[in-house]
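The values are calculated or read from the model by the stated rules, or taken from the named source; none is laboratory data. For clarity, every value in this text was computed on a predicted model and none was experimentally measured. With ideal geometry, Cβ positions are generated from the backbone for all residues, glycine too; neighbour counts draw on all protein chains shown.
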Protein chains: 2
Amino acid sequence: MNHKVRRPTLQDVADKVGASKMTVSRYLREPQQVAEATAKKIAVAMEELGYIHNRVPDMLANAKSRAIGVLLPSMSNQVFSSVVRGIESVSGPAGLHALYGHYGYSMEREEQQIEQLLSFHVDGLILSETQHTDRTLRMLETAAIPVLEVMELPEHPIDLAVGLNHAVAAKEMVGLMIGKGRRRIAYLAARLDHRTRQREAGYLAALAGAGLTPVLIHTDQPSSFTLGGQLLRDALQAAPDLDGIFCTNDDIAAGALLACQALGLCVPEQISVAGFNALDIGHALAPQLASVITPREAIGRVAAERLIGRMEGKIYPDKVLDMSYEIFLGQSL
Amino acid sequence: MNHKVRRPTLQDVADKVGASKMTVSRYLREPQQVAEATAKKIAVAMEELGYIHNRVPDMLANAKSRAIGVLLPSMSNQVFSSVVRGIESVSGPAGLHALYGHYGYSMEREEQQIEQLLSFHVDGLILSETQHTDRTLRMLETAAIPVLEVMELPEHPIDLAVGLNHAVAAKEMVGLMIGKGRRRIAYLAARLDHRTRQREAGYLAALAGAGLTPVLIHTDQPSSFTLGGQLLRDALQAAPDLDGIFCTNDDIAAGALLACQALGLCVPEQISVAGFNALDIGHALAPQLASVITPREAIGRVAAERLIGRMEGKIYPDKVLDMSYEIFLGQSL
């Protein structure tokens with residue numbers, strides 16, 4: 001593909017229509033300022049020529065791209081597809097293109113991805129994490145574009161943040177389990193990212209309040225259904241009298257619930273199971289899985305609204321917005 | 001954020017190090033050509049200044065960005081996270097940045113996303129679909145960059161394609177079900193995208209070969225576990241004597257298997273269940289779910305290798321590469 005086909009230019013479009021280049025340029029910026037018949041002809045010509053808008057001159061002149069960068073921890077986590085839906089419900093109608101990158105829950109990879117997106121002069125960034133390298137923070141400072149951190153409630157946000165309190169939500173869920181008489185509750189943790197740690201803090205607080213002893217089952221492997229089964233078996237080894245499991249997310253919880261059933265443990269009669277995020281799998285299980293409903297689409301929507309607001313110079317006095325959560329009781333407690 | 005902080009320039013870095021701008025520029029292009037001590041000082045200075053590389057001059061001069069665009073149908077489909085892993089195992093070491101866009105299985109959205117990525121002068125594109133709008137095809141022609149279509153084996157690829165034959169794989173799986181004595185097998189289809197249709201063709205061919213009558217359960221809703229349960233109940237309404245279900249993917253199959261169990265139907269004694277893609281959920285279920293193992297990571301890897309090969313001017317005589325598939329029998333047949 002080293003033969004270079006010349007991309008059609010504005011001049012090519014103008015020649016085809018019999019209009020001036022300036023008219024075509026105006027059509028691109030403010031179509032309503034061009035006579036309707038001409039606008040229609042320009043649109044047809046662009047389509048026929050396969051015209052591709054070139055962002056580069058604008059990027060060079062104004063360091064603006066009309067694009068926002070969105071960093072996701074993974075490309076397959078159901079949790080983030082709702083966040084994306086929320087973001088795009090706002091960014092699309094605002095004429096902003098969303099460029100995605102993913103960082104596999106690694107701060108170093110996040111740094112590289114942010115560097116790349118900044119080199120494309122994105123006009124704003126949405127980050128799914130609150131923990132960043134020093135270099136990331138310095139780059140964001142020099143880039144001086146709005147940055148929105150989603151999912152958590154950081155004490156010191158880079159700029160603005162929209163999320164929920166994972167520790168409080170976890171504490172409430174585990175408190176419900178204790179309220180139903182469970183005394184030997186394990187926490188199944190995977191990946192050990194920051195949110196997993198926050199949920200663990202909530203679990204520990206609930207247990208401490210009831211004078212109960214924690215059973216912590218940790219792995220740094222990424223979450224999966226089969227891993228949930230493995231962690232449940234590990235927990236039963238560590239505490240054969242287990243009567244409850246609180247899981248860092250619904251993938252782990254669903255796998256653990258299926259493993260309980262395969263082992264002949266009745267849920268919830270003998271052991272209760274709770275997850276986090278209230279994903280679809282929890283509703284497909286019998287019994288339905290108790291979980292924390294996280295307002296992910298709303299978080300994405302509000303994040304995009306505020307990012308655009310910041311791009312327009314708006315000030316938000318509440319830099320960190322708590323979108324709260326709800327509890328889905330299901331039938332597994 | 002309308003106050004504009006000036007981004008550090010190459011000159012700023014050079015001044016800090018006490019080197020010439022040309023030395024800093026050389027360091028960026030060919031670090032091994034710069035004396036080690038100087039290189040170290042430049043790296044430190046860049047880090048301290050929060051220097052961000054600017055792609056724009058190169059984009060303007062050479063219409064190259066050292067970035068490739070990757071279009072995914074969805075941001076939460078497990079199937080594509082393996083493809084992405086395969087792509088990045090090659091693109092990262094080659095120094096190419098992957099920019100992702102998603103199109104929600106819509107040709108029109110794909111067109112918009114491709115337009116956006118081309119406006120950033122991506123050097124190549126990986127598409128997850130073989131069906132495109134006319135305007136997409138025209139834009140790709142004028143852009144004249146390498147394009148790789150993954151997952152399917154199109155008769156007329158835009159450029160190159162790497163995938164598998166979904167109809168053949170589906171026909172083999174349904175043939176196995178028939179071989180085990182199943183006579184009333186339904187196909188549970190969702191989304192009705194091109195690959196769902198190809199798998200349906202394989203299912204129909206297997207049934208026709210055995211003189212059996214199809215039971216087609218269709219919906220254009222996106223796949224989910226709960227939808228799988230719903231489609232299973234619909235299938236039982238349509239054919240109360242159902243003794244097998246072949247599902248367009250593992251989300252649907254897992255939901256259908258769980259619904260069978262909730263209805264008291266023994267799998268596989270009374271009804272056998274098969275899916276497609278061999279996702280982790282199928283291994284966590286009891287009985288384990290029969291499925292078609294699709295070589296997704298390998299598809300991503302080979303796609304990226306060939307895309308880069310094309311960018312370097314290589315020719316591939318086999319324009320469409322069949323990566324084949326395997327059958328995971330599980331315990332559900």
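Couple of notes before you dig in:
- Residue tally, condition at pLDDT below 85 and surrounded by fewer than 13 Cβ atoms within 10 Å (Cβ to Cβ), over the stretch B:1-29: 6
- Single residue of the stretch B:195-221 satisfying the filter (touching a residue at least 40 places away in the same chain (Cβ under 8 Å) and not basic (Lys, Arg)) that is farthest from B:PHE246 (Cα to Cα): B:GLN198
- Qualifying residue in the stretch B:302-316 (condition: assigned by TED's automatic domain parsing to the domain that holds B:ALA144, buried (at least 16 other Cβ atoms within 10 Å of the Cβ), more than 22 Å from B:ILE217 (Cα to Cα) and modelled with pLDDT under 95): yes
- Qualifying position, being touching a strand residue (DSSP E or B) at 6+ places or on another chain (Cβ under 6 Å), modelled with pLDDT under 95 and at negative phi, among B:ILE185, B:ILE158, B:ILE145, B:ILE217: B:ILE145
- Here A:SER82 does not fit the description of being surrounded by fewer than 20 Cβ atoms within 10 Å (Cβ to Cβ), modelled with pLDDT of 90 or more and within 13 Å of chain B (Cβ to nearest Cβ).
- Meets criteria (under 25 Å from the mean Cα position of the chain (by Cα), under 20 Å from B:ALA170 (Cα atoms) and either among the acidic types (Asp, Glu) or more than 10 Å from chain A (Cβ to nearest Cβ) (or both)) for B:ALA253: yes
- Residues located in the stretch B:280-290, provided they are in contact with a Phe, Trp or Tyr (Cβ under 9 Å, 6 or more places away or on another chain) and free of Cβ contacts under 8 Å to residues at least 60 places away in the same chain: B:ILE281, B:GLY282, B:HIS283, B:ALA284, B:LEU285, B:GLN288, B:LEU289
- Filtering the stretch B:133-157 to residues that are more than 10 Å from chain A (Cβ to nearest Cβ) and touching a helix residue (DSSP H, G or I) at 6+ places or on another chain (Cβ under 6 Å) leaves B:THR133, B:LEU148, B:VAL150.
- Here A:GLN261 fulfils each of the conditions (1) more than 13 Å from chain B (Cβ to nearest Cβ); (2) over 25 Å from A:HIS166 (Cα atoms) apart from (1).
- Qualifying residue in the stretch A:259-277 (condition: in a loop (DSSP other than H, G, I, E, B), under 20 Å from A:VAL90 (Cβ atoms) and at pLDDT 95 or above): no
- Residue that is farthest from B:ILE68 (Cα to Cα), among those in the stretch A:97-117 that are touching a residue at least 40 places away in the same chain (Cβ under 8 Å) and facing chain B (nearest Cβ under 10 Å): A:ILE114
- Members of the stretch B:1-54 found to be farther than 30 Å from A:LEU160 by Cβ and not in a helix (DSSP H, G or I), listed by number: B:GLY18, B:ALA19, B:SER20, B:GLU30, B:VAL34, B:ALA35
- For the stretch B:228-250, the set of residues classified as free of Cβ contacts under 8 Å to residues at least 40 places away in the same chain and either basic (Lys, Arg) or touching a Ser or Thr at 6+ places or on another chain (Cβ under 7 Å) (or both) consists of B:ARG233 only.
- Residues satisfying the stated conditions in the stretch B:30-79, i.e. at pLDDT 85 or above, β-branched (Val, Ile, Thr) and surrounded by 18 or more Cβ atoms within 10 Å (Cβ to Cβ): B:VAL34, B:ILE42, B:ILE68, B:VAL70, B:VAL79
- Filtered residue count, the stretch B:293-326, keeping only those that are within 14 Å of chain A (Cβ to nearest Cβ) and closer than 30 Å to B:ILE281 by Cα: 3
- Qualifying residue in the stretch B:119-129 (condition: more than 7 Å from every other protein chain (Cβ to nearest Cβ) and farther than 19 Å from B:ARG310 by Cβ): no
- Number of residues in the stretch B:300-333 that are in contact (Cβ under 8 Å) with a residue 24 or more places away in the chain, among the aliphatic types (A, V, I, L, M) and assigned to a loop (DSSP other than H, G, I, E, B) equals 3.
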